[in-house]
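Bear in mind that the values in this text are calculations on the coordinates, not laboratory data. In this text the structure is predicted, and so the values were computed from the model without any measurement. Cβ coordinates were reconstructed from backbone atoms using ideal geometry, including for glycine residues, and neighbour counts include every protein chain displayed.
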């Protein structure tokens, strides 16, 4: 009979972790989670498949670093997804670098673009993933590992019970 460790990441364990993504070339932090991320291992992939695979067998309290070539994750950079237009053709609410724009093609498929550059005359949007073409390191700190509840397993993550109403009936607004 195989014994499992209650605090080791395996399928149907609830895991809380924090992470940041660091550019290998510059050392810059490209993204970081502000609050712990909670999920059920084997039920949903909240991070890249390579990262999820590396988490299996790890324990609470561990910090791990996983180098990733983002071309493997997102494919090669596609310059046809970089579009520059005159600023007057762009709605005012999109005129800020970092703004996310969801666009739809004639087949109803949506694609996420980000405003990457802007000056007095032009604005550029890019539909490539911001990590596309980069060599990065995922740095993860595993905060806790425990058995997931049946409800969490079904949901793939933490289930919020909502506010405690002290037994008072609630009604939709």
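Springs between Cα atoms under 10 Å define the GNM used for the chain, and in it the highest mean-square fluctuation of 50, 109, 135 occurs at 109.
Starting from 0.36 nm per residue, how many nanometres of slack lie between residue 45 and residue 81 once their C-alpha separation is accounted for? If you can, show how the numbers build up before the last one.
Values: separation 36, 0.36 × 36 = 12.96 nm, distance 2.62 nm.
Taking residue 45 through residue 81 to full extension adds about 10.3 nm, to one decimal.
As a rough guide to protection, the peptides 57-65, 97-105 ranked by mean Cβ packing within 10 Å, highest first, stand as 57-65, 97-105. Sorted fewest first by neighbouring Cβ atoms within 10 angstrom, 132, 70 come out as 132, 70.
Annotation for residue 53 and residue 149: the two label points, set 7 Å from Cα along the Cα-Cβ direction, are 3.4 nm apart.
Here the scattering of segment 78-126 is modelled by Debye summation over its C-alpha atoms, one equal scatterer each and no solvent; at q = 0.17 Å⁻¹ the log10 of I(q)/I(0) is -0.48. The value of relative contact order for segment 78-126, using C-alpha pairs under 8 Å at least six residues apart, is 42 percent. Full extension of the chain between residue 102 and residue 89 gives 3.0 nm of extra length, using 0.36 nm per residue less the Cα-Cα distance.
With all pairs of different C-alpha atoms in the average, the Kirkwood value for the hydrodynamic radius of segment 1-139 is 17.7 Å.
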